[in-house]
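K.L.:
What follows is a structure written as structure tokens; I'll ask about it next.
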């Protein structure tokens, strides 16, 4: 079956996508912000071994080159499903965050560039331009 990189593994949408991928026999590496989040997901999917469900820690997707290590896989990924978002609940001043350079835009551009740079095989999925 297909080897998939699923970003944002602890998010609402990714949780549903992960269920579908695993039930259909795919091998999934999902990114999470912490080992604690990986452990929680692994516990919820305890019937799947590391060959079917593995994790890559990406603490802050808004950081430059955040996904560089996560996109390296042997065997290589055949698909990427990007659901990660720099959203979190630790905001104390919403107006201050909104006045800064939009972190969502930077995270999107950074992720797109990392995925494009990591594609080494013609059959690899390319992010939409």
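Please treat every number below as a calculation from the coordinates, not as lab data. Model, not experiment: these values are computed from the prediction. Here the Cβ is made from the backbone with ideal geometry for all residues, glycine too, and neighbour counts use every protein chain on show.
K.L.:
Would you mind finding the one in 67, 55 that is closer than 17 Å to residue 10 by Cα, outside any loop (DSSP other than H, G, I, E, B) and in contact with a strand residue (DSSP E or B) (Cβ under 8 Å, 6 or more places away or on another chain)?
P.N.:
Result of the check over 67, 55: 55.
K.L.:
Within region 20-46, take every residue that is over 16 Å from residue 78 (Cβ atoms), in contact (Cβ under 8 Å) with a residue 24 or more places away in the chain and more than 14 Å from the chain's Cα centre (by Cα) and give me the one that is surrounded by the most Cβ atoms within 10 Å (Cβ to Cβ).
P.N.:
45
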